[in-house]
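A short worksheet on the structure shown next.
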Amino acid sequence: MSLKTCHLYIDNEAYDFEVDGDFFWGESRLLFKEKDNVISKMPWKDKGFDVVNAFTDEEFTLLKTSITNIIVNSIKNIGVDIDEKEFGLERYHKFINTNELHNKVIDITRNLENHDFDVDIDALANRFSNILGYELTSWVEELQKSHIQIRISRPNSLDINPPHRDGYLSYWEDIINVWIPIEGCNEQSSLPVCPGSHLIPENDILRTESKGAKINGNVYYVPCILETNKGAIQMKRPNPKQGEALIFTPYLIHGAAVNKNEDTTRISLELRFPRVKH
Ligand SMILES: [Fe+2]
């Protein structure tokens, strides 16, 4: 393992953080299948992502309420007594005020399934199927379950994963990634992506193996992409609004979602819908 500095830009602003890992340049091949992939019918297929309308106001309220309930229950489950009337997602960091407690909460919220939510996740999968023109499901065959993550990022924290591609993990090779802003998501905190980066071949990418990168003491499942042959990774925040979703190919480089809001926790929902194989 060696300690390296990851330099990157988000909306032209420079960021640096230390990553511990073994880094290597990949083989001369493109993992993104240019024909018959889940975004190949979309006019934005070369960009790799788009922002789409996903919810009516009523549906969004139901989803946000369900997420609030899950987080409140997670906090109670780790033995922290909170006054539910006082609690609000944007003030999460006032209630969970140590790294130790936060890590216990996210141990629960990073690993949820359809039945944890009071909304019909399969109906959502259908909605994105209709947009993309491919049949999608919430069932992940390799994991034998659905997988949903609520991402909680406290203000002024390193609650981030490194720049990465979900598609490096075998069970995320043929999916659509859906990122949904719930609370505190804005131009200071929204998920950054590197436009067009799904078209970069492996020999132009310096990265670690899976579970091979450590940031701030936390080991991440996904490999960390440190840089490309063009140097530092240039990212931008598409910043979807309430009721919208950011959808992208799993080969698009994304991550490093630093929350620069001074006093607002950022909450987002991550869905991954595999393509139905016939
Ligand atoms: Fe990811």
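Please treat every number below as a calculation from the coordinates, not as lab data. None of the values given here were measured: they were computed from a predicted structure. Don't worry about glycine lacking a Cβ; one is built from the backbone with ideal geometry, like all the others, and counts go over all protein chains shown.
What relative contact order, as a whole-number percentage, does region 160-266 give when Cα pairs under 8 Å and 6 or more residues apart are counted? Before the final figure, lay out the partial values.
Details: 213 pairs, mean separation 51.0, N = 107.
Once divided by the residue count of region 160-266, the mean separation gives 48 percent.
Using modelled backbone amide H atoms (1.01 Å from N, in-plane), which distant-in-sequence or interchain residues come within less than 5 Å of Tyr134's amide H?
Amide H to amide H, under 5 Å and 5 or more residues apart or across chains, Tyr134 pairs with nothing.
Scan region 17-56 for trypsin sites (Lys or Arg not before Pro) in coil per DSSP, keeping those whose Cβ has at most 15 other Cβ atoms within 10 Å, and list them by number.
Details: sites: Arg29, Lys33, Lys35, Lys41, Lys45, Lys47; in loops: Arg29, Lys33, Lys35, Lys41, Lys45, Lys47.
Listed in order of number, the matching sites are Arg29, Lys33, Lys35, Lys41.
Enumerate the residues in region 112-153 having an amide nitrogen under 18 Å from the point lying 7 Å beyond the Cα of Tyr221 toward its Cβ.
112-117, 137-153
Please work out how much length the chain gains when fully extended from Asp120 to Ser66, using 0.36 nm per residue of separation minus the C-alpha to C-alpha distance, in nm with one decimal. Before the final figure, lay out the partial values.
Numbers: separation 54, 0.36 × 54 = 19.44 nm, distance 1.12 nm.
Result: 18.3 nm gained on full extension.
What is the dipole size for region 30-126, taken about its Cα centre, with +1 at each Lys and Arg Cβ and -1 at each Asp and Glu Cβ, in debye to the nearest 20?
On the way: 12 positive and 19 negative charges, 93 e Å.
So the magnitude is around 440 debye.
What is the chain's relative contact order, in percent, from Cα pairs under 8 angstrom and six or more apart in sequence?
Details: 603 pairs, mean separation 91.3, N = 278.
Reported relative contact order: 33 percent.
Starting from 0.36 nm per residue, how many nanometres of slack lie between Gln144 and Thr98 once their C-alpha separation is accounted for? Please report the intermediate quantities before stating the final value.
On the way: separation 46, 0.36 × 46 = 16.56 nm, distance 3.37 nm.
Stretched out fully, the Gln144 to Thr98 stretch lengthens by 13.2 nm.
Got a sec? Charge dipole of the chain, +1 on Cβ for Lys and Arg, -1 for Asp and Glu; which of Leu246, Leu3, Ile71 is way out at the positive end?
The residue sitting most towards the positive pole is Leu3.
Using the crude model of +1 on Lys and Arg Cβ and -1 on Asp and Glu Cβ, and no other charge, please compute the dipole size for region 98-235 relative to its Cα centre, in debye to 20. Don't jump to the answer; show the numbers that get you there.
Details: 11 positive and 20 negative charges, 106 e Å.
Here the size comes out at about 500 debye.
I'd like the Karplus ³J(HN,Hα) series for region 215-225: coefficients 6.51, -1.76, 1.60, θ = phi - 60°, whole numbers in Hz, and an x wherever there's a Gly or Pro.
Listing the rounded values in order: 10, 6, x, 9, 8, 9, 4, 7, x, 8, 8 Hz.
Assuming a ≥ b ≥ c are the square roots of the Cα gyration tensor eigenvalues, decide whether region 1-139 counts as rounded (a/c under 1.5), prolate (otherwise, with a/b larger than b/c) or oblate. Show your work: numbers first, answer last.
On the way: a/c = 2.15, a/b = 1.18, b/c = 1.83.
The shape class here is oblate.
Tell me, what is the percent relative contact order of region 114-171, built from C-alpha pairs under 8 Å that lie six or more residues apart? Let's see the in-between values first.
Working: 32 pairs, mean separation 14.4, N = 58.
With pairs under 8 Å counted, the relative contact order is 25 percent.
Gap in Å between the Cα centre of region 129-176 and the Cα centre of region 37-90?
13
Summing -39500 (n - 2.57) over the DSSP H runs of n ≥ 4 in the chain and dividing by its residue number, what mean residue ellipticity at 222 nm do you reach, to the nearest 500 deg cm²/dmol? Don't jump to the answer; show the numbers that get you there.
Details: 4 runs with 48 residues, N = 278.
Helix contribution divided over all residues of the chain: -5500 deg cm²/dmol.
In nm, to one decimal, how far is the Asp263 label point from the Asn12 one, both placed 7 Å along Cα→Cβ?
In this crude label model, Asp263 to Asn12 measures out at 3.0 nm.
In debye, nearest 20, what is the charge dipole magnitude of the chain about its Cα centre with +1 on Lys and Arg Cβ and -1 on Asp and Glu Cβ, if you could check? Show your work: numbers first, answer last.
Values: 31 positive and 43 negative charges, 92 e Å.
The calculated dipole for the chain is roughly 440 debye.
By how many nm would the segment from Glu202 to Glu84 lengthen if fully extended, with 0.36 nm per residue of separation less the alpha-carbon distance?
Numbers: separation 118, 0.36 × 118 = 42.48 nm, distance 4.80 nm.
Length difference between fully extended and current span is 37.7 nm.
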